[in-house]
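Student: I'd like to ask you about the structure that follows.
The values are calculated or read from the model by the stated rules, or taken from the named source; none is laboratory data. This is a predicted model, so every value here is computed, not measured. Cβ placement follows ideal geometry from the backbone for every residue including glycine, while neighbour counts extend to all protein chains displayed.
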Amino acid sequence: MLQLRDVTLRLKRDGRTLAERFSFTLKKGDKAVLIGEEGNGKSTLLKYVYDPRSVEDYCEGEGQVLARGRLGYLPQSMDDALASLPLNAYFASHAHYLHTDVLAQLRIDPSFLLSKQTMGSLSGGERVKAQLCRILMEEPDILLLDEPTNDLDLDALLWLESFLQETRLPVLYISHDETLIENTASVIIHMEQLIRKTQCRITVSRETYREYLSRRRRQMDHQEQIAQKQRDDYRRQQQRWQQIYDRVDHEQRSLSRQDPHSGRLLKKKMHTVISTGKRLERQKEDFLEYPEEEEAILTRFDEDIRLPAGKTVLDWSLPCLQAGGRILAKDLHLSLSGGATVGIIGRNGAGKTTLLRCLWEELKQRKDITAAYMPQDYREVLDYRQTPVDHLAANYTKAEITRARTCLGSMRFTHEEMLSPIAGLSGGQRAKLLFLDMVLQRADVLLLDEPTRNFSPLSAPVVRRALRDFGGAIISISHDRKYLEEVCEVLYVLRPAGLHPAALD
């Protein structure tokens with residue numbers, strides 16, 4: 001069992017509160033997911049649960065974390081120090097023959113643990129499996145997983161989903177994969193930042209994700225209806241009161257001085273009218289507030305961006321796709337017409353990212369289109385030392401910078417975040433910055449490597465809608481099942497023999 005008692009987390013940078021006197025108990029068998037918009041503190045809370053000292057550099061924490069048993073923690077990204085470590089050294093202190101049940105559960109061959117291959121050379125799915133394998137060999141009682149779905153191909157994603165469904169250990173995890181959350185979570189912990197990030201709210205609900213969203217929407221709609229009715233009733237009463245007040249006031253002004261008796265009656269009547277008005281004003285204090293809801297906002301591409309369906313955007317061939325001297329695939333061919341949306345899938349390490357870089361090199365110098373690129377590693381196009389405003393100011397006019405500030409605000413960036421180094425932003429905030437960059441460029445061809453991987457499950461539907469409505473052409477790599485189903489009209493799988501038409505099972 002894991003128990004949090006009155007946990008408060010406050011950022012040192014701007015004093016923003018991420019959690020305030022938050023209490024929660026993770027019970028036996030619970031699969032609890034932390035959700036919320038980018039930068040709301042999900043990873044910080046998970047780190048604090050595992051080791052409060054891990055957040056001391058940037059966050060002040062209070063409250064108790066009581067764990068009955070050993071915690072197993074999978075971080076969001078692998079420690080850089082592990083990249084050069086061979087697998088046999090990584091597992092040197094763990095006798096694999098004593099943990100055959102773990103290997104069977106994770107579907108890992110014992111020879112994998114004895115390999116001299118370095119951790120840094122593994123695919124994303126292999127890295128997650130290796131780290132999770134060592135965690136389970138240490139026999140934890142509770143699992144803490146920070147975005148374990150990042151960098152997983154579809155096969156590995158389905159494996160992780162099955163693992164979460166079958167494990168008997170209680171799990172507290174963060175994920176951006178809506179389908180995985182829908183299929184595995186039994187407890188929803190929703191972290192929100194309200195009123196321009198000046199207030200935090202954490203909601204705990206012991207139900208499935210779909211049930212939570214449905215009930216939340218019904219409650220919000222019901223509260224809004226009541227709040228609106230109260231205000232409509234008040235306006236009608238106020239209008240009626242104003243009519244009575246105006247009539248009595250007019251009668252008072254028209255009254256002759258020779259009629260003191262009527263004057264006294266009208267004065268008394270006006271006193272009653274004024275008292276009624278004050279009583280009406282006091283009613284406003286009891287009005288139900290409109291529901292506070294943190295909306296996932298992403299700026300949209302301009303509607304006038306259109307590529308004719310008959311325009312050939314790409315007719316590309318490559319005899320051999322290579323990386324690091326290794327041949328990844330042969331005989332590649334890809335065609336793209338205006339308005340088309342192409343998705344590329346494939347196992348980890350197949351060369352999808354290398355392929356997209358090649359396509360970017362092919363398209364970025366074209367004068368008849370405006371191509372934009374969103375890499376998997378944002379450092380390829382972002383200088384993390386710059387601020388979001390600095391990054392945009394380097395490419396756009398003063399008027400466009402003003403628009404950019406407005407758009408950043410609509411994307412829930414605070415003033416401090418706009419003027420702080422990009423290195424301090426969350427992955428989702430960096431992704432929003434890249435999307436804004438593409439919008440301001442008025443790009444009509446998008447090359448996207450895992451576009452939804454850093455967006456919360458609440459933001460991802462907005463991203464999908466924006467891309468589905470985009471009038472240009474898109475080539476994207478994704479393992480997000482909802483993205484592939486809703487956005488991609490054509491799907492290819494990358495294999496050693498090239499690109500082949502594919503379909504989601």
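Student: Pick from Val7, Val33: which is free of Cβ contacts under 8 Å to residues at least 60 places away in the same chain and closer than 30 Å to Asn183 by Cα? Don't jump to the end; show me each part of the working.
Tutor: On the way: Val33 fails: free of Cβ contacts under 8 Å to residues at least 60 places away in the same chain.
None of the other options fit; the residue is Val7.
Student: Search region 237-256 for residues that are surrounded by fewer than 13 Cβ atoms within 10 Å (Cβ to Cβ) and pair each with any residue that is small (Gly, Ala, Ser) and in a helix (DSSP H, G or I) when their beta-carbon atoms are under 9 Å apart and the residues are at least 6 apart or on different chains.
Tutor: Here the result reads Gln242/Gly277; Ser256/Ser262; Ser256/Gly263, each pair linking region 237-256 to a residue that is small (Gly, Ala, Ser) and in a helix (DSSP H, G or I).
Student: Another question about this same structure. Do the conditions hold for Gln386, that is, is it assigned by TED's automatic domain parsing to the domain that holds Met438 and in contact with a Pro (Cβ under 8 Å, 6 or more places away or on another chain)?
Tutor: yes
Student: Of the residues Leu180, Leu172, Leu213, Leu265, only one is modelled with pLDDT under 85 and of a type in the set (A, V, I, L, M); which? Reasoning before the result, please.
Tutor: Numbers: Leu180 fails: modelled with pLDDT under 85; Leu172 fails: modelled with pLDDT under 85; Leu213 fails: modelled with pLDDT under 85.
Answer to the selection: Leu265.
Student: For region 100-149, give me every one of the helices (runs of 4 or more DSSP H) that falls completely inside it and has 2 or more residues that are outside the structural domain of Phe163 (by TED's automatic domain parsing), under 24 Å from Arg326 (Cα atoms) and touching an Asp or Glu at 6+ places or on another chain (Cβ under 7 Å).
Tutor: Numbers: elements: 100-106, 110-113, 124-137.
Correct list: empty, since no element meets the threshold.
Student: Now for a different question. Which of the following residues is closer than 17 Å to Glu37 by Cβ, in contact (Cβ under 8 Å) with a residue 40 or more places away in the chain and in contact with a strand residue (DSSP E or B) (Cβ under 6 Å, 6 or more places away or on another chain): Met191, Met220?
Tutor: Values: Met220 fails: in contact with a strand residue (DSSP E or B) (Cβ under 6 Å, 6 or more places away or on another chain).
Exactly one of Met191, Met220 is closer than 17 Å to Glu37 by Cβ, in contact (Cβ under 8 Å) with a residue 40 or more places away in the chain and in contact with a strand residue (DSSP E or B) (Cβ under 6 Å, 6 or more places away or on another chain), namely Met191.
Student: Among the residues of region 397-415, what is the count of those that are part of a loop (DSSP other than H, G, I, E, B), touching a residue at least 40 places away in the same chain (Cβ under 8 Å) and surrounded by fewer than 16 Cβ atoms within 10 Å (Cβ to Cβ)? Don't jump to the end; show me each part of the working.
Tutor: First, the residues of region 397-415 that are part of a loop (DSSP other than H, G, I, E, B): 397, 411-414.
Now drop any that are not touching a residue at least 40 places away in the same chain (Cβ under 8 Å), which leaves 411-412, 414.
Within this subset, residues satisfying the condition of being surrounded by fewer than 16 Cβ atoms within 10 Å (Cβ to Cβ) are none.
Selection size over region 397-415: 0.
Student: Do you know which residues across region 295-348 are part of a loop (DSSP other than H, G, I, E, B), surrounded by fewer than 18 Cβ atoms within 10 Å (Cβ to Cβ), in the same structural domain as Leu447 (by TED's automatic domain parsing) and in contact (Cβ under 8 Å) with a residue 40 or more places away in the chain?
Tutor: Answer for region 295-348, where residues must be part of a loop (DSSP other than H, G, I, E, B), surrounded by fewer than 18 Cβ atoms within 10 Å (Cβ to Cβ), in the same structural domain as Leu447 (by TED's automatic domain parsing) and in contact (Cβ under 8 Å) with a residue 40 or more places away in the chain: just Arg347.
Student: Right, next: Just a yes or no: is a residue in region 2-9 modelled with pLDDT of 95 or more and closer than 30 Å to Ser410 by Cβ?
Tutor: Scanning region 2-9, I find at least one residue that is modelled with pLDDT of 95 or more and closer than 30 Å to Ser410 by Cβ, so the answer is yes.
Student: Right, another one. Scanning region 147-176 for residues that are charged (D, E, K, R) and touching a Lys or Arg at 6+ places or on another chain (Cβ under 8 Å), which turns out nearest to Leu11 (Cα to Cα)?
Tutor: If we filter region 147-176 for residues that are charged (D, E, K, R), which is where we start, we get 147, 151, 153, 155, 161, 166, 168.
Next cut, touching a Lys or Arg at 6+ places or on another chain (Cβ under 8 Å) only: 151, 153, 155.
Values: Asp151: 28, Asp153: 34, Asp155: 38 Å.
Out of the qualifying residues, it is Asp151.
Student: What tally of residues in region 168-184 results from selecting those that are over 16 Å from the mean Cα position of the chain (by Cα), surrounded by 13 or more Cβ atoms within 10 Å (Cβ to Cβ) and over 22 Å from Leu484 (Cα atoms)? I'd like the intermediate steps shown before the answer.
Tutor: Step one: of region 168-184, the residues over 16 Å from the mean Cα position of the chain (by Cα) are 168-172, 183-184.
With the extra rule that they be surrounded by 13 or more Cβ atoms within 10 Å (Cβ to Cβ), the set shrinks to 169-172, 183-184.
Then drop every residue that is not over 22 Å from Leu484 (Cα atoms), which leaves 169-172.
The total comes to 4.
Student: Return yes when Arg168 is in contact (Cβ under 8 Å) with a residue 12 or more places away in the chain, over 25 Å from Phe24 (Cα atoms) and of a type in the set (Lys, Arg) and no when it is not.
Tutor: Values: in contact (Cβ under 8 Å) with a residue 12 or more places away in the chain: yes; over 25 Å from Phe24 (Cα atoms): no; of a type in the set (Lys, Arg): yes.
So Arg168 does not fit the description; no.
Student: Has region 363-371 got any residue that is in contact (Cβ under 8 Å) with a residue 24 or more places away in the chain and on the phi > 0 side of the Ramachandran plot?
Tutor: No, region 363-371 has no match at all.
Student: Just one of the numbered conditions (1) more than 16 Å from Tyr492 (Cβ to Cβ); (2) among the β-branched types (Val, Ile, Thr); (3) in contact (Cβ under 8 Å) with a residue 40 or more places away in the chain is not true of Thr353; which one?
Tutor: Going through (1) more than 16 Å from Tyr492 (Cβ to Cβ); (2) among the β-branched types (Val, Ile, Thr); (3) in contact (Cβ under 8 Å) with a residue 40 or more places away in the chain one by one, Thr353 breaks only (1).
Student: Just to be sure before I move on: is Glu224 outside the structural domain of Leu87 (by TED's automatic domain parsing) and either touching a Gly at 6+ places or on another chain (Cβ under 7 Å) or farther than 23 Å from Ser456 by Cα (or both) in the structure I sent?
Tutor: Working: outside the structural domain of Leu87 (by TED's automatic domain parsing): yes; either touching a Gly at 6+ places or on another chain (Cβ under 7 Å) or farther than 23 Å from Ser456 by Cα (or both): yes.
When the stated conditions are applied, Glu224 passes them.
Student: Counting just the residues of region 80-127 that are modelled with pLDDT under 90 and among the basic types (Lys, Arg), which one comes out surrounded by the most Cβ atoms within 10 Å (Cβ to Cβ)?
Tutor: Arg127
Student: Restrict the check to region 52-75 and report whether at least one residue is over 30 Å from Ile195 (Cα atoms) and either touching a Ser or Thr at 6+ places or on another chain (Cβ under 8 Å) or not assigned by TED's automatic domain parsing to the domain that holds Thr149 (or both).
Tutor: The answer is no, given that none of the residues of region 52-75 is over 30 Å from Ile195 (Cα atoms) and either touching a Ser or Thr at 6+ places or on another chain (Cβ under 8 Å) or not assigned by TED's automatic domain parsing to the domain that holds Thr149 (or both).
Student: Select from region 345-379 the residues that are of a type in the set (A, V, I, L, M, F, W, C) and over 12 Å from Val445 (Cα atoms) and write down the one among them that is farthest from the chain's Cα centre (by Cα). Walk me through it before giving the result.
Tutor: Filtering region 345-379 for residues of a type in the set (A, V, I, L, M, F, W, C) gives 345, 350, 355-356, 358-360, 363, 369, 371-372, 374.
Among the residues that remain, those that are also over 12 Å from Val445 (Cα atoms) are: 345, 350, 355-356, 358.
On the way: Ile345: 22, Ala350: 27, Leu355: 26, Leu356: 24, Cys358: 28 Å.
Per the criteria, the residue is Cys358.
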